[in-house]
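Since every read-out is calculated from the coordinates, none of them should be taken as a lab result. In this text, all values refer to a predicted model and were calculated from it rather than measured experimentally. As a convention, Cβ positions derive from the backbone with ideal geometry for all residues, glycine included, and neighbour counts pool all protein chains shown.
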Amino acid sequence: MSSLTSSEYLNPVNTQTWANGRHLVRCLKVIRETEDVLTYCFSMQEPVLFFFKPGQFVTLELEIDGEQLMRSYTISSAPSIPYSFSITVKRVPGGLVSGWLHDHLREGDVIAVHGPVGQFNCIDFPAEKVLLLSGGVGITPVMSMARWFFNTNSEVDMVFAHSARTPADIIYRAELDYMSTRIDNFKLHLICERSETGQIWGGYRGYLSREMLQLIAPDFLDREVFCCGPAPYMRAMRRLLADAGYDMARYHEESFGETPAEDIASAEVQAAVALAQADEPQVNHWVTFSDSGKSVQAELGTTLYEAAASAGLTIPKACGMGICGTCKVRVLTGETVMSHNGGITEEEIADGYVLSCCTRVSGDVEVGY
């Protein structure tokens, strides 16, 4: 048996990890949560581990009617499912950005985001017992926290109390119900201001009061509190807890929909740099797919998979990391650079085969596909 060096035996997946900065992301999926709330799921073309602290947010860089706008949205997904991230957006009546996102952002679209950032998170304030309070679309950061605790099989004792206008306005309702039935350390309490004609509701009604909170979490004075929602909701929660003698040093809140000035400034600087770089001349190369009779110009460093997609071709792909070998194609002529993770043999490479997901254009290329 031949001996292997450690580098040959341990062939790590060359996956990048998300870090605060400007990133181009593609919208993978749009999910309708309620009549006026949509969830947008994003990823990058290359595998990226989207690690962040549950509760943090990203700032979207958008151009609407010729004006560059920055808006921050909490990440509603959890880093325990790390190859994509999501934001959940409520259409605000008259809201320029939320309206544009609902009307124009579609699957396949690419936008720039900045982040992740934010002091409001459950990692920096560890606790054995937490009370997650939310109102309306303010559910997004505490849902990220709950998903994190749930997915990692955490023993953190969670009480989740969410307030909505009506039963139809409860965001993530099916998932919340599922979580509450799967583990004993997740107690769900939903509160609706009112129910409308035809809606059956057997839960709490009205607004969260001290008496109601005493029923929901009798030990709330012993819990770390994370709260997010409209400004009036959070004012009421602060007053309720303070009047009850709660230690407000253990109270943490996030005001959704507001972008801190320093984050806007940082994002605008990054956007200006990106705009300047975009004005620089790009080096393009021709990528020809001989079997399909299609050609496309691709920037230096573009993967063959991306070039094929630009030409309207879909190369079968599974892992996207150079492991499975599904996206194998043959380079007939030209220059490419491949960095794979074991999904192709040396014999196949010698015959001109490459993995299109992790093979980048470095000159004009002809591919047998």
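The helix-based estimate of mean residue ellipticity at 222 nm for the chain, built from -39,500 (n - 2.57) per DSSP H run of four or more residues and divided by its residue count, is -7000 deg cm²/dmol to the nearest 500. For the chain, relative contact order (Cα pairs under 8 Å, six or more residues apart, normalised by length) works out to 14 percent.
Considering segment 284-368 at the alpha-carbon level, its Rg and Dmax are found to be 11.4, 30 Å. Considering only 225, 180, 203, and ranking their Cα positions along the charge dipole of segment 129-254 that arises from unit charges at the beta-carbon of Lys, Arg, Asp and Glu, the one farthest toward the positive end is 203.
Taking percent of Cα pairs over 41 Å apart as the quantity of interest, determine which of [x] 5; [y] 26; [z] 12 was computed from the displayed structure. Derived directly from the coordinates: [y]. Across segment 289-295, computed HN-Hα scalar couplings (Karplus, 6.51 cos²θ - 1.76 cosθ + 1.60, θ = phi - 60°) run 9, 5, 5, 8, x, 10, 9 Hz from first to last residue, x flagging Gly and Pro.
Sites listed here are chymotrypsin sites (Phe, Trp or Tyr not before Pro) in segment 140-227 whose DSSP assignment is loop and whose Cβ has at most 16 other Cβ atoms within 10 Å: 201, 207.
When DSSP assigns beta bridges and you keep just the ones with both residues in the chain, what percent turn out antiparallel, to the nearest 5? Don't skip to the end; give the middle numbers.
On the way: 49 of 79 bridges.
Of those bridges, close to 60 percent are antiparallel.
A DSSP coil position with no more than 16 other Cβ atoms inside 10 Å describes the following trypsin sites (Lys or Arg not before Pro) in segment 124-196: 165, 194.
Work out the length of the dipole vector of segment 37-156 about its Cα centre, built from +1 on the beta-carbon of each Lys and Arg and -1 on the beta-carbon of each Asp and Glu, and round it to the nearest 20 debye. Walk me through the numbers before you get to the answer.
Values: 7 positive and 11 negative charges, 83 e Å.
Charge dipole of segment 37-156: 400 debye, to the nearest 20.
Magnitude of the charge dipole for segment 85-203, about its Cα centre and with charges confined to Cβ atoms of Lys, Arg (+1) and Asp, Glu (-1), is about 200 debye.
Non-local lysine pairs in the chain, meaning eight or more places apart or on different chains, with alpha-carbon distances under 25 Å, amount to 10. Placing unit charges on each Cβ (+1 for Lys and Arg, -1 for Asp and Glu) gives the chain a dipole about its Cα centre, and among 311, 95, 50 the Cα reaching farthest toward its positive end belongs to 95.
Other residues whose C-beta falls under 13 angstrom from the C-beta of residue 79 contribute a net charge of +2, scoring Lys and Arg +1 and Asp and Glu -1.
Here is the list for segment 66-128: GluC sites (Glu not before Pro) lying in DSSP coil, each with at most 16 other C-beta atoms within 10 angstrom of its C-beta, are 107, 128. Residue by residue, segment 340-345 carries 3J(HN,Hα) couplings of 10, 10, x, x, 8, 8 Hz when phi is fed to the Karplus relation 6.51 cos²θ - 1.76 cosθ + 1.60 (θ = phi - 60°); x denotes Gly or Pro. Relative to the globular-protein estimate of 2.2 N^0.38 Å, the Cα radius of gyration of segment 129-254 stands at 1.00. Cα centroids of segment 97-166 and segment 285-331: 36 Å apart.
The angle separating the long axis of helix 231-243 from the principal Cα axis of greatest extent in the chain is about 50 degrees. Put a plus charge on the Cβ of each Lys and Arg, a minus charge on the Cβ of each Asp and Glu, and nothing anywhere else: the dipole of the chain about its Cα centre is then about 1060 debye.
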